[in-house]
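Chemist: Once you've had a glance at the structure underneath, I'll fire off some questions.
The values are calculated or read from the model by the stated rules, or taken from the named source; none is laboratory data. Small disclaimer: the values here were computed from a predicted structure and weren't measured. Virtual Cβ from ideal backbone geometry, glycine too; neighbours counted across all protein chains shown. Remember, those area values only see protein heavy atoms, side chains included, never the ligands or the DNA or RNA. Shrake-Rupley method; radii C 1.70, N 1.55, O 1.52, S 1.80 Å.
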Amino acid sequence: MATKDISDYELRRLKNIEDNKTVLAKLMNDLKKISPLPEPVKTPTRRPKSPKQKSDLVIRRNPARNARFTYLNYSPPRTRSRRNSVSSCSNSSHASTPVKSPDRLVVKFGSFFKGRRPADSDASIYDDDDSEDEDLFPGICSPKRKPRKPADPAVVKSADEITEEDLEMVANFVSEKRYDSTDGTSCHQCRQKTGDQKTVCRSGACYGVRGQFCGPCLRNRYGEDAKAALKNPIWACPPCRGICNCSFCRKRAGRGCTGILIHIAREHGFSDVNAYLQSFKTPANQK
């Protein structure tokens, strides 16, 4: 009756348990027949060396790291002695020649205030100090600089002095311009130092490079011809006329830079940038 009350699942589970016990008992018998394995050899463990006990040993907060043990050495560094030097002659007892020292110690404060001498002071006092320093310390004092030569004034040619060679030197396109950092001239608009011929302002009130414009800049930005400007005896540059649209002049007037605006101006039917900018002004502002 007991076997009938047990389900098929329980019977199968009990059978599997008996089979596992039988297999385990067989494995244990096989292991007893095999010779036992040799025991592993124990290697002696090395004890960590304790740090040397020294009086000048400084231990940091973390003593577990050996890198934090530092030995302080207060002895001066050992350097190779140089012949005829102050340190070698003073330390060595077999010095052959004594070191020559000046009779007095001179402290010069004038070198810190070059160019700031008082106006009411006597210049001979400073000259005497310089001469005494050169006598006491020859070869140490810095040589006096030679005055720079004044720059050559810009040569402004009149309209009659402009030759055909000068007109041929005017660049018609940007590709014709060549950089020349030595003998080139800078354009006021693009500020590129090139070797082509630039315009000359004849207003009488111009200065610097304000009146120098290259051919492409004068044509694209103001719609004028550089060759005609060179032959015109009364031609005035755009800055003198108050119509300059370069980045410097517009910033000075409180306006923003335009950038490369020639393509947008031509899309709107204008030949140059100046005509395009003038179209935005109202009739009240034009007056």
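Chemist: Out of the residues in the range 177-206 that are within 17 Å of residue 230 (Cα to Cα) and among the hydroxyl-bearing types (Ser, Thr, Tyr), state the one that is least open to solvent (accessible area, probe 1.4 Å).
Modeler: By that ranking, first place goes to 199.
Chemist: Also, I was wondering about something else. Please verify whether residue 252 is within 32 Å of the chain's Cα centre (by Cα) and open to solvent by 50 Å² or more (accessible area, probe 1.4 Å), treating the condition exactly as stated.
Modeler: Working: within 32 Å of the chain's Cα centre (by Cα): yes; open to solvent by 50 Å² or more (accessible area, probe 1.4 Å): yes.
Here the answer is yes, as residue 252 does meet what is asked.
Chemist: Examine the range 162-176 for a residue that is outside any helix (DSSP H, G or I), touching a residue at least 40 places away in the same chain (Cβ under 8 Å) and open to solvent by 20 Å² or more (accessible area, probe 1.4 Å), and state whether such a residue exists.
Modeler: yes
Chemist: Failed condition for residue 221, given (1) open to solvent by less than 60 Å² (accessible area, probe 1.4 Å); (2) among the basic types (Lys, Arg); (3) more than 21 Å from residue 173 (Cα to Cα), with all others met?
Modeler: (3)
Chemist: Okay, next question. Which pairs do you get when a residue that is within 11 Å of residue 189 (Cβ to Cβ), found in the range 210-226, comes within reach of a residue that is open to solvent by 30 Å² or more (accessible area, probe 1.4 Å) and among the hydroxyl-bearing types (Ser, Thr, Tyr), reach meaning Cβ atoms under 7 angstrom, with the pair 6+ apart or on two chains?
Modeler: 212/185; 212/186
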